[in-house]
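Notes follow the structure.
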Amino acid sequence: MPFCYFYVRESHADSFVNQNSRQSQEEICQRYYEFRVQPLGIPLGRILYDPKTSARHVPFRQRTAGKELDRILQATDHVIFAFLDRGYRAVLDFSILVDDWKRRGIVIHFANLGIDLNSPAGMLVANIMAAVAQGESDLKSERNLEIAAFRRRANRPTNGERKFGYRRA
């Protein structure tokens, strides 16, 4: 009997202030499940959650919940992600895992895209979105490095704390 699973990932502590919070992602997955998957008679399995985990630097199968999800999935099971970038921020990780899951007969849903990964057009859109997610992550990392370098040149803390021996004036 197939089951449907939700995968949820928060990348950092401030995710609660935007749509990337655990609660928000679970609500999006739940609404998608009720609309698209539940009518097929597929019961909800589990919600797997990876807190404070980078999808760009930690491949899906090396994350705690990602590894667990990959282990329990059987043919004809469904997996729902609220957003593609909650699962993947590296094109290679996306390509390898999606190809493997499709060969194993696992059905993948991205609630925000609403595409069919079994069609060439759906895979095209998903691959483009995976590349965009990786590019966004790389640009954000580059900006953070530039900000840290600027703060060091200005003799300001880069980690939110004052240097030893300094006090706020």
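The values are calculated or read from the model by the stated rules, or taken from the named source; none is laboratory data. All of these numbers come straight from a predicted model, not from anything done at the bench. What goes into the accessible areas is simple: the full protein's heavy atoms, side chains included, and nothing from ligands, DNA or RNA. Shrake-Rupley method; radii C 1.70, N 1.55, O 1.52, S 1.80 Å.
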- Message: Hydropathy at least -1.0 by Kyte-Doolittle, axial extent at least 20 angstrom from the Cα trace: which helices of the chain, defined as entire DSSP H runs, fit?
- Response: 120-153
- Query: Which whole-number percent is the relative contact order of the chain (Cα, under 8 Å, 6+ apart)?
  - Reply: 22
- Item | Per residue solvent-accessible surface (Å²) - the chain, probe of 1.4 Å | 60
- Query: On full extension of the chain, what length is gained from Asn118 through Arg61, given 0.36 nm per residue of separation minus the C-alpha to C-alpha distance?
  - Reply: 18.3 nm
- Which entry is the computed semi-axes √(5λ) of the Cα gyration tensor in Å for this structure: (i) 36, 17, 14; (ii) 35, 21, 14; (iii) 23, 19, 15? (i)
